[in-house]
1. Tell me which residues come under 5 Å, amide H to amide H, from TRP183 once H is placed; ignore anything under 5 positions away on its chain.
2. Please list, short to long, the whole-number percent of alpha-carbon pairs of the chain in consecutive 20 angstrom bins beginning at zero.
3. Just read off the accessible area of GLU306 with the full protein assembly in place, 1.4 Å probe, to the nearest 10 Å².
4. Taking only protein heavy atoms into account and a 1.4 Å probe, give the accessible area per residue of the chain in Å².
5. Kindly write out, for the range 105-113 in residue order, the coupling ³J(HN,Hα) from the Karplus curve 6.51 cos²θ - 1.76 cosθ + 1.60 (θ = phi - 60°), rounded to whole Hz, with x marking Gly and Pro.
6. Excluding GLY252 itself, calculate the net charge of residues whose Cβ lies under 15 Å from the Cβ of GLY252, where each Lys or Arg counts +1 and each Asp or Glu counts -1.
7. In the range 82-139, which trypsin sites (Lys or Arg not before Pro) fall in coil by DSSP and have 16 or fewer other Cβ atoms within 10 Å?
8. Using a cut-off of 11 Å between beta-carbons, work out the net charge of the residues near GLU225 (Lys and Arg +1, Asp and Glu -1, GLU225 not included).
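The values are calculated or read from the model by the stated rules, or taken from the named source; none is laboratory data. The structure presented is a predicted model; accordingly, all values stated were derived computationally and were not measured. Positions of Cβ are backbone-derived with ideal geometry, glycine not excepted, and every protein chain shown enters the neighbour counts. The protein model used for the area step is the full one, side chains on, heavy atoms only, and it has no ligands, DNA or RNA in it. Shrake-Rupley method; radii C 1.70, N 1.55, O 1.52, S 1.80 Å.
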Amino acid sequence: MNIKNICITGAAGNIAYSLIFRILAKLPFSNTDKINLKLLDITQSQKSLIGLRYEIEDCAFSTLNSIEVTDNVENAFQESDYIIMVGAKPRSKGMERSDLILDNANIFKSQASIIDDVCSSSTKVIVVGNPANTNALILNYNTPSIPNENITSLMKLDQNRAKSILASKIGKQVEDIEQMIIWGNHSTTQVPDLSNCKINSVQINVDESWIQNTFIPKVQKRGGEIIEYRGLSSAASAASAIYDHIHVLDYGSGSWESLGVMTGGEYEISSGLMFSLPLNVTNKGYNVIKDLNINPDIDSLIKLSEQELLKERDIVKSFLP
Ligand code: NAD
Ligand code: LMR
């Protein structure tokens, strides 16, 4: 029997409450029969985690081998195949993601040094807690024993949003849309780019003014729109995107994917940022899709997102060794 060790941080929170049940209902991991699940949250949330554990047990999932709830970070991370880092302070009404940056930088720096101490170099870490790209950058810089490629930040929610908005505009099925790209930061500067999108290998054709005036701003502001309507940040859709992200990493994907990855000078974007790029992903790793023609409007938006990430990197520079 093949068993994987999975740790979820922020396990008493809203996203985890969807994510855990989604994962256990149908594992997104290849060649895996069951999982050992470790759920980490802060000490004040331990009572709630016990209730969560009871609920998980009451589902009698055949995919669950063992479950542990804890506030001990070393114990939570030890021997993990995947760590899904959801635990962070979320944005509330009226806050920008940048408002969270220093609070969450502290969390990610201290958890990074524990990952570096107790995890093996094959551990994969997915960063969800916002500002996700900069938290992932802190994590990357503070885990020299983990290869950069094993640390990614969640952009799949943005890619899913973009596909869904486009599909409803052109009256097609979401699953038929290929080659949707999200460039940049998981923030309002992100750049949803449909210029390569195809359906059944045929290039789509949509009105340029709809792209500029509706599509791009709608995807960029969707997270804030949800906070406005729900009074809380997206949870079920974020959990669904995390599930998809894990599936992409573990099985690979036949489509173009957008994940937050460490830049190395691609498309003249500054090196050393966690930036969403177009990728081909296999179960062995990923490659950046090269030599795409980027139209000038998209290119100038990419530069704005790069500027924002450079600014965030500057704010957290004391957390980057
Ligand atoms: P939530 O407040 O419901 O849950 C967060 C949980 O993290 C809480 O239980 C809290 O106690 C825990 N936590 C805080 N500090 C911790 C620490 N040091 N160690 C372990 N756990 C800790 O928030 P949520 O709605 O689940 O969202 C979680 C994060 O995900 C937020 O930062 C949110 O902005 C972000 N988010 C990211 C995306 C994305 O696409 N990248 C999408 C939606 C939300
Ligand atoms: C989202 O995209 O829904 C989340 O990242 C919430 C936010 O802070 O925008």
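1. The answer is VAL191, ASP193.
2. In order of increasing distance, the bins hold 33, 59, 7 percent.
3. 20
4. Heavy-atom accessible area per residue stands at 44 Å².
5. Ordered by residue, 3J(HN,Hα) equals 4, 4, 4, 6, 5, 6, 5, 4, 5 Hz.
6. -1
7. Filter output for the range 82-139: LYS93.
8. Surrounding charge for GLU225 is +4.
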